[in-house]
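Right, one structure below, let's go through it.
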2 protein chains.
Amino acid sequence: VSSYLDRLRIVLVEPAGALNIGSISRVMKNMGLTQLVIVNPQCEVYGEEATRMAVHAIDLLATARVVPDLPTALQGCTRVIATTARDRAIPTKLETPRQALPWLVESNEHTALVFGREDSGLTNTELNYATRYIRIPVGSEYSSLNLAQAVGICAYELQMCVCNIDDLPNPQPNIPQPLDVAPVELVEGYYQQLETLLLEVGYLFPHTAPHRMEKLRRLYNRSQLSPNEVALLRGILSQFSWALDPDKLALIAKKKD
Amino acid sequence: VSSYLDRLRIVLVEPAGALNIGSISRVMKNMGLTQLVIVNPQCEVYGEEATRMAVHAIDLLATARVVPDLPTALQGCTRVIATTARDRAIPTKLETPRQALPWLVESNEHTALVFGREDSGLTNTELNYATRYIRIPVGSEYSSLNLAQAVGICAYELQMCVCNIDDLPNPQPNIPQPLDVAPVELVEGYYQQLETLLLEVGYLFPHTAPHRMEKLRRLYNRSQLSPNEVALLRGILSQFSWALDPDKLALIAKKKD
């Protein structure tokens, strides 16, 4: 599956934080990305700081390519997307990662996703190598994302694209349900036992029983009991039955007469 | 707009990395989240390392709440989602952030998204406070995401929900949910009463109690009890308590000694 992402390069232009490079290696490997290309790094790429943050992605970090400029990094690529935090200086409309990134994953050729410097992003000249532009939506006036976070979010969106290519079943819009749901008649057996016992202990009276039982049925129906759970609940009722005081039950029965 | 996210708590359980706490503060502020709650931190929360990574989110870091345990962190919350990297020990289906997180944003009440320890995640007991479970999809055998990256990806998805808030799909197409969901501590009161009573009648034994109670919690959590339903269930337990045979209870207590 991850071969979809093997043709996709993550390109960092002049990163200055070695910790970021390590973190980026890690999250790339997590998300099935393999190609890291670093343009004119302003920090140590293979040193202790990057290695520490890469954890089990040191293999990816070790094969990261260092190149002198962006055109070299993009050689052979047919689709290039650049990321930016700013509106200005962009000729075309900015898209979200979700809108633009499937375009990279769909391609059978080499593609690239380009990230700029931690402090100043990409220059206008660099932006012009791209065909589409991404801005990660933010929710506050503090819009400056950490570089590794920005790559992480895009890597996650790319992985989500790959998941969707294989049509991951995602039919579960609601509260997660158990795998096997008990058939109606099994659950009904529990309701009957519950009602009988609640009448016995005087919690229900014949005239209130239907209304109260309706509430209880709704509550349990919502959780879509599994057969094991029905057995569990019935076991509890049986234990209560056994432990109940016969004298008190007799008293209740008398009152009801 | 970000007021949608002001009722949503990011809860970190026993984080051990101060750098992570700082990074998380930053990406939360980027994405319009404001409530950070830290359960029993294993590192300095407001120190130099966290502050350095928070950059312009030191205000958010400074107002982060430190609490002793998860129930305290979740007080007043009606919807809780837990994150996990593992399949096992989760009774119900794992969802992607995209599937599950809109459920938190749609709520008008307090909600929480819970993240576990960097190395070992959340315990089963902690997982049981949640109703839904998220696993961030990964694309390789190296599935261990950095904690700050995991929070960043979820924060991004939450921000995307807010952006799309006007065309959110109908939140609850299938199982009808109660209009008002009881806060965690109210439901907890029921679980405590249930466990005490089940021990009393000899259905539970001290060594089996945690496992059985876990199953019962899951079952009831799925149905998202309303305050009235909690009262109904507790009323039933009280009636059972009253009607129980003291002789049998004494017998059970004797056996257990």
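The values are calculated or read from the model by the stated rules, or taken from the named source; none is laboratory data. What you are looking at is a predicted structure, and each value in this text was computed from that prediction instead of being measured. Quick reminder, even Gly has a Cβ in these numbers, built from the backbone with ideal geometry, and neighbours come from all protein chains shown. Note: areas computed on protein heavy atoms with side chains; ligands, DNA, RNA excluded. Shrake-Rupley method; radii C 1.70, N 1.55, O 1.52, S 1.80 Å.
If each DSSP helix of 4+ residues adds -39,500 (n - 2.57) and the sum is divided by the residues in the protein assembly as shown, what number results at 222 nm, nearest 500 deg cm²/dmol? Provide the component values of the computation, followed by the final result.
Numbers: 25 runs with 242 residues, N = 514.
So the calculated ellipticity at 222 nm is -13500 deg cm²/dmol.
Distance between the pseudo-spin-label points of A:TYR46 and B:GLN192 (7 Å out from Cα toward the beta carbon): 6.0 nm. Near B:MET31, the amide H atoms lying under 5 Å from its own belong to A:GLY139; only residues 5 or more places off or on other chains count, and H is placed 1.01 Å from N.
Taking amide H as placed 1.01 Å from N in the peptide plane, A:HIS110 has its amide H under 5 Å from the amide H of A:THR78, each at least 5 places away in sequence or on another chain. Mean-square fluctuations from a GNM of chain B, with a 10 angstrom spring cutoff on Cα atoms, peak among B:GLU141, B:GLU188, B:GLU14 at B:GLU141. Seen against the Cα atoms of chain A and their longest principal axis, helix A:227-243 is set at about 40 degrees. Taking 0.36 nm per residue of separation and subtracting the current Cα-Cα distance, fully stretching the chain between A:SER238 and A:VAL184 would add 17.4 nm.
The listed residues B:THR63, B:THR208 rank as B:THR63, B:THR208 when sorted by accessible area, largest first, using a 1.4 Å probe. Placing a label point 7 Å from Cα along the Cα-to-Cβ direction at A:TRP242 gives distances to the equivalent points in the other copies of 2.6 nm, listed shortest first. Residues whose amide H lies under 5 Å from that of A:GLU95, counting only those 5 or more places away or on a different chain, are A:TYR133, A:ILE134, A:ARG135; hydrogens are built 1.01 Å from N in the peptide plane.
GNM on chain A, alpha-carbon springs under 10 angstrom: the most fluctuating residue among A:HIS56, A:HIS207, A:HIS110 is A:HIS207.
How much net charge surrounds B:LEU225 when only other residues with a Cβ under 12 Å from its Cβ are counted (Lys, Arg +1; Asp, Glu -1)? Residues near B:LEU225 contribute +3 overall.
Put a plus charge on the Cβ of each Lys and Arg, a minus charge on the Cβ of each Asp and Glu, and nothing anywhere else: the dipole of chain B about its Cα centre is then about 540 debye.
For chain B, the longest principal axis of the Cα atoms and the long axis of helix B:18-30 meet at an angle of about 70 degrees. In nanometers and ordered shortest first, the copy-to-copy spacing of the A:HIS211 label point, defined 7 Å from Cα toward Cβ, is 4.3. Expressed per residue, the C-alpha convex hull volume of chain A stands at 211 Å³.
For A:ALA253, the point set 7 Å out from Cα toward Cβ sits 2.8 nm from its twins in the other copies, listed from shortest up. With everything on Cα atoms, drop me the angle between helix B:209-222 and the longest principal axis of chain B, reported from 0 to 90° to the nearest 10. With both axes taken from Cα atoms, the answer is about 60 degrees. Annotation for the B:A interface, with buried accessible surface near 6900 Å², both sides summed [1.4 Å probe; non-protein components not counted].
Annotation for segment A:1-53: GluC sites (Glu not before Pro) lying in DSSP loop with at most 13 further Cβ atoms inside 10 Å of their Cβ are A:GLU44.
FRET efficiency for the pair A:ALA231 and B:THR72, taken as 1/(1 + (r/R0)^6) with r the Cβ-Cβ distance and R0 = 56 Å, rounds to 0.95. The modelled label-to-label distance for the pair B:HIS207/A:LYS93, using points 7 Å beyond Cα in the direction of Cβ, is 6.7 nm.
Normalised by the number of residues in chain B, the average gap of Cα pairs under 8 Å and 6 or more apart makes the relative contact order 20 percent. Net charge around A:HIS56, counting only other residues with Cβ within less than 14 Å of its Cβ (Lys, Arg = +1; Asp, Glu = -1)? Net of charged neighbours comes to -1. Could you give the distance between the Cα centres of segment A:21-72 and segment B:190-241, to the whole Å? So the separation of the two Cα centres works out to 52 Å.
As an exercise, use a Förster radius of 25 Å and the Cβ-Cβ distance of B:CYS163 and A:SER107 to find the FRET efficiency, rounded to the nearest 0.05.
Numbers: r = 26 Å, r/R0 = 1.06.
Working from the Cβ atoms, E equals 0.40.
Under 16 Å from a label point set 7 Å out along the Cα-to-Cβ vector of B:THR123, the amide N atoms of segment B:14-38 belong to B:14-15.
Tell me the Kirkwood hydrodynamic radius of the protein assembly as shown in angstroms, computed as one over the mean inverse distance between distinct C-alpha pairs. Intermediate values should be presented prior to the final figure.
On the way: mean 1/r = 0.0396 Å⁻¹.
Every distinct Cα pair counted, the radius reaches 25.3 Å.
Of the accessible area of segment A:1-124, computed with a 1.4 Å probe over protein heavy atoms only, carbon and sulfur atoms account for 50 percent.
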